[in-house]
Amino acid sequence: LKVIQYAYEYIGSFSRAIRASISMKYLYPRDKLADEFVFLMKKVYPRYFAEEVQSVVNDGEIEPAVIYSIMRRESAFDSDAISSAGAVGLLQLLPGVGYNVAKRIGKKIVWKDLTNPEINILLGYEHFKSILKKFNGNFVPAFASYNAGLKNVEKWIEKYGMNDVCLLYTSPS
């Protein structure tokens, strides 16, 4: 499995590399050395595109781990990913959102730019940062908004209240 995991990483099939690492996690004896376990967890929760992430999080407002978690969940690190809803790239930006964020930060983009890791990470970071500000730093509704849309979460909060929305969004499905 380790060889398969490395091969997938080498060819840039990061989602498959993660799945191979997860398979290793379940086969891993609990009495293995801590450093071996840490190595494996770094493969299960990787930091692909580290250079691109580091270049945008240098303002210190959001931890890099937040961006990695969004990338892992939204696209499994596939820069060419396109969702059924039309969201594009590593951070799964809807083109309209991407264009609006780009305009707000003074950047001109075309659709293909949304699959460029450097641009997609910058736009996704700026988008998440603005959502997080709307919720005064509360990550639960911010993550929910990033995934389900700000208007949906605002409706849920209006209907159920903030505490109930946070519980609904974090409870296991």
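Helix 139-148 versus the longest principal axis of the chain: what angle, 0 to 90°, nearest 10, using Cα atoms? That helix lies at roughly 80 degrees to the long axis. Labels on offer are (1) 1.05; (2) 1.01; (3) 1.07, and the one holding Rg/Rh (Cα atoms, Kirkwood Rh) computed from this structure is (2). Per atom type, the range 73-122 shows carbon and sulfur on 52% of its accessible surface, probed at 1.4 Å. With 28 Å as the limit, the listed pairs LYS107/LYS133; LYS42/LYS133; LYS108/LYS151 have LYS42/LYS133 beyond it between alpha carbons.
How much net charge surrounds SER69 when only the other residues with a Cβ under 15 Å from the Cβ of SER69 are counted, with Lys and Arg +1 and Asp and Glu -1? Please list the in-between numbers first.
Numbers: positive: LYS42, ARG47, ARG72, ARG73, LYS129; negative: GLU63, GLU74.
Combined, the nearby Lys, Arg, Asp and Glu give +3.
Annotation: extensible slack from ALA148 through LYS103 equals 14.0 nm (criterion: 0.36 nm per residue apart, minus Cα-Cα distance).
Using a cutoff of 8 angstrom between alpha carbon atoms and counting only pairs six or more residues apart, the relative contact order for the chain works out to 13 percent.
The values are calculated or read from the model by the stated rules, or taken from the named source; none is laboratory data. Being a predicted model, the structure only gives us computed values, none of them experimental. Neighbour counts run over all protein chains shown; Cβ positions are idealised from the backbone, glycine included. Remember, those area values only see protein heavy atoms, side chains included, never the ligands or the DNA or RNA. Shrake-Rupley method; radii C 1.70, N 1.55, O 1.52, S 1.80 Å.
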